Structures are given as structure tokens and as C-alpha cells.
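Peer 1: Got a structure for you, questions after.
The values are calculated or read from the model by the stated rules, or taken from the named source; none is laboratory data. The shown structure was predicted, so the numbers you read here are calculated from the model rather than taken from an experiment. Positions of Cβ are generated from backbone atoms using ideal geometry, with glycine treated the same way; all protein chains shown enter the neighbour counts. Side chains are part of the model used for accessible areas, which takes the heavy atoms of the whole protein and leaves out ligands, DNA and RNA. Shrake-Rupley method; radii C 1.70, N 1.55, O 1.52, S 1.80 Å.
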Amino acid sequence: MLPTPMMPGGLSETKPATPEIQHIVDQVKPQFESRENRTYGIFRAIVYKTQVVAGINYFIKVQDSDTDYVHLRVFQGLPHENQGPSLVSFQTGKTRDDPLTYF
């Protein structure tokens, strides 16, 4: 079965995190820590989905302790905008098994 092309605005399938996704997570970690007013020793990308907009929204499951996870929504603008990734929203108190959904 051939993969279905992603429709603009729709979420992709869940994919295992890549080094590129971990790099994005590393870049927004200070933004997350500032909003949560604490620091995290573990901040490991596990899986992600993407949404094509005027740039890309990344929905990323991140392990932030031995047993806890957060879901991040990160926006990466178009290359010509020359902007780094921005933490748009997040959901705390997630488990490894919670599905990534739009938020």
C-alpha cells in the first residue's frame, strides 16, 4: 500500500523521533523550562507528527523524566523567514501511551 500524501493542514502519521526532531526539542527546551519555571535533566523526543501550514507545526512527545512525558507543539517557519523553532503550546502529565493529537 502506498503512503497517502499529506494534505496541507492535516496531521501526518506518528513517526519515531529523528536527530532533527531532537535538535528542535533541544532548541525549545529553554522556552519550555521558562514557562514551567523548572529545569529538566531528561528531555528526549520519542515520536512526532507534523502539520504543514505556512511553515510546519511539529507535535512532539518528549520524555521529561523516567516516567513522565509532555506533548509539545513547535512551529518552524519557512526557511526564508530565518526564524528558529518556537514553542507554541504544550501539554504536561502525559504518559508514554497517550496518543499525539492536535492541540
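Peer 1: Tell me, please, whether a residue that is in a loop (DSSP other than H, G, I, E, B), in contact (Cβ under 8 Å) with a residue 40 or more places away in the chain and open to solvent by 50 Å² or more (accessible area, probe 1.4 Å) can be found in segment 14-33. Give the steps one after another, and end with the answer.
Peer 2: Step one: list which residues in segment 14-33 are in a loop (DSSP other than H, G, I, E, B), which gives 14, 17-18.
Of the ones still in play, those that are also in contact (Cβ under 8 Å) with a residue 40 or more places away in the chain are 14, 17.
Restricting the remaining residues to those that are open to solvent by 50 Å² or more (accessible area, probe 1.4 Å) gives 14.
For segment 14-33, residues in a loop (DSSP other than H, G, I, E, B), in contact (Cβ under 8 Å) with a residue 40 or more places away in the chain and open to solvent by 50 Å² or more (accessible area, probe 1.4 Å): present.
Peer 1: Follow-up question, since we're still on this one. Which residue is farthest from G93 (Cα to Cα), if the candidates are limited to segment 35-63 and must be touching a Gly at 6+ places or on another chain (Cβ under 8 Å) and open to solvent by less than 40 Å² (accessible area, probe 1.4 Å)? Lay out the reasoning, then the answer.
Peer 2: Initial filter on segment 35-63 (touching a Gly at 6+ places or on another chain (Cβ under 8 Å)): 51-55.
With the extra rule that they be open to solvent by less than 40 Å² (accessible area, probe 1.4 Å), the set shrinks to 51, 55.
Details: Q51: 23, G55: 28 Å.
Top of the filtered list is G55.
Peer 1: Hey, another quick one. Tally up the residues in segment 64-90 that are more than 14 Å from V28 (Cβ to Cβ) and either of a type in the set (G, A, S) or surrounded by 13 or more Cβ atoms within 10 Å (Cβ to Cβ) (or both), please.
Peer 2: Step one: list which residues in segment 64-90 are more than 14 Å from V28 (Cβ to Cβ), which gives 65-69, 78-82.
Checking which are either of a type in the set (G, A, S) or surrounded by 13 or more Cβ atoms within 10 Å (Cβ to Cβ) (or both) leaves us with 65, 68-69.
So the count comes out to 3.
Peer 1: I've got another one for you. Let me confirm something: among F75, F43, which residue is in contact with a Ser or Thr (Cβ under 9 Å, 6 or more places away or on another chain) and without any contact (Cβ under 8 Å) to a residue 40 or more places away in the chain?
Peer 2: Step by step, each of F75, F43 is checked, and only F75 is in contact with a Ser or Thr (Cβ under 9 Å, 6 or more places away or on another chain) and without any contact (Cβ under 8 Å) to a residue 40 or more places away in the chain.
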